[in-house]
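Here's the structure, in structure tokens; my notes come after.
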Amino acid sequence: MVRRYYRSPSPTYTIFMLRAQIWSRSCQMEPVPSSIPDFVDSRQGNDTGDAAEAEGFMHRVDEISVQIDKLEKRVIEIEQFYLARGDAQQNISKASSTLKDKDKEKHITSIRKQQQDSSRREGAAAKRMQELMRQFATIFRQISQHKWAWPFLDPVDVEGLGLHDYYEVIDKPMDFSTIKNKMEAKDGSGYKNVREIYADVRLVFKNAMRYNDEKNDVHVMAKTLLEKFEEKWLQLLPKVAEEEKRKVEEEVEFQFDMQHAQEATYANMARDISNEISEADMNLKGLREMVIQRCRKMSTEEKRKLGIALTRLSPEDLTKALEIVAENNPNFQATAQEVDLDIDAQNEYTLWRLKVFVKDALAIKSKSAVAIDSIDNDNIDDNKKNNSKGRREICDAVVKSAIKRTKKVV
């Protein structure tokens, strides 16, 4: 029984195929089957046994469906990580809540190790900086003990000296006592590095030179001490520059290590997902084989009516129906403009899926299942119908569950 179907390409179909391609490439494996077969007890006339066994099979179907949903979320997590990898704000960011528990544990362990290494590096860098600040303190002490340093030891007495325009000229007053107190601060308000102290010492002399005329003694003393200070600073500067360069390199290394740790975590996560998807795929194939063995064969009359019903589908639903056929027939050209479908050549699994899909699609289209209910009318003897009624209902129910998953994916 060969029927020819014509269809026009639909945007929905194109989007569906693109999503399927993206999914397949992102996982680098065959997609997980979107539906599973239905199960029927082969025993005659045991409706209670059929229902109980079908319930058990459907429970397994639901478990696998939940597993696949979780796997899909984890795949999305991996995709988002690699898409955001070029964004500096994302490189060392959080691990999403969709990470599996064991993946979270690996990720957190890796991040903690990197953070511990970073803490050790920061501790060593802080010690080296403290040594530089100690050496700078020697320079500062030599300058502050110079005979011309007395004007700069304490804050300028603006009111006592009648310097009413001082704050109009000087934006940030500075003196040696303020610097000394900040160098010795233990509450975290002190200087963080040598350059901060260097900048404040220069500011002391620059303020004095700005406010006082060049011929003023204070201006001359400030200029002289600044020159001496700069000479001593130049001796320390190479060590400071070396430490700053080292700090930058360590920061870059830390960023790289964190990124590498995340990439390793997500690479392992992708490998684990691949294995789990393969396992789920094998489970689904096993269930499908059981269904094929237990589902009754569709009668010739049922096949004929199914073929007729396919012609009543909308272009979009026809596309989905042809995709169902193509899933188990790699040579079937479901995307062609003109499609020849041999109903008799299809296996029972495909036929039952098509039947349930067509029935639901036409029911939605016409708001009534009357048009397709005739598919259920066969020429089986009344006694045989009674004996096989339980098997058909269970088969329909489980296939319907499989079709619902197909719709969800599409």
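The values are calculated or read from the model by the stated rules, or taken from the named source; none is laboratory data. Quick caveat, the model's predicted, so the values are computed rather than measured. Neighbour counts run over all protein chains shown; Cβ positions are idealised from the backbone, glycine included. Side chains are part of the model used for accessible areas, which takes the heavy atoms of the whole protein and leaves out ligands, DNA and RNA. Shrake-Rupley method; radii C 1.70, N 1.55, O 1.52, S 1.80 Å.
Restricting attention to region 177-198, the residues that are closer than 24 Å to Lys239 by Cα and in a helix (DSSP H, G or I) total 9. When Gln235, Gln259 are checked against the criterion of being open to solvent by 70 Å² or more (accessible area, probe 1.4 Å) and of a type in the set (S, T, N, Q), Gln235 stands alone in meeting it. The residue of region 178-235 that is nearest to the chain's Cα centre (by Cα), among those that are closer than 23 Å to Tyr167 by Cα and acidic (Asp, Glu), is Glu196. Taking the condition modelled with pLDDT of 80 or more and out of contact with any strand residue (DSSP E or B) (no Cβ under 7 Å at 6 or more places or on another chain), does Lys285 pass? So Lys285 fails the test. Is at least one residue of region 356-364 small (Gly, Ala, Ser), in a helix (DSSP H, G or I), at pLDDT 85 or above and in contact with a strand residue (DSSP E or B) (Cβ under 9 Å, 6 or more places away or on another chain)? Checked region 356-364: no residue is small (Gly, Ala, Ser), in a helix (DSSP H, G or I), at pLDDT 85 or above and in contact with a strand residue (DSSP E or B) (Cβ under 9 Å, 6 or more places away or on another chain).
If you check Arg296, Arg246 for being among the basic types (Lys, Arg) and in a helix (DSSP H, G or I), only one passes: Arg246. For region 307-347, the tally of residues that are within 40 Å of the chain's Cα centre (by Cα) and in a helix (DSSP H, G or I) stands at 13.
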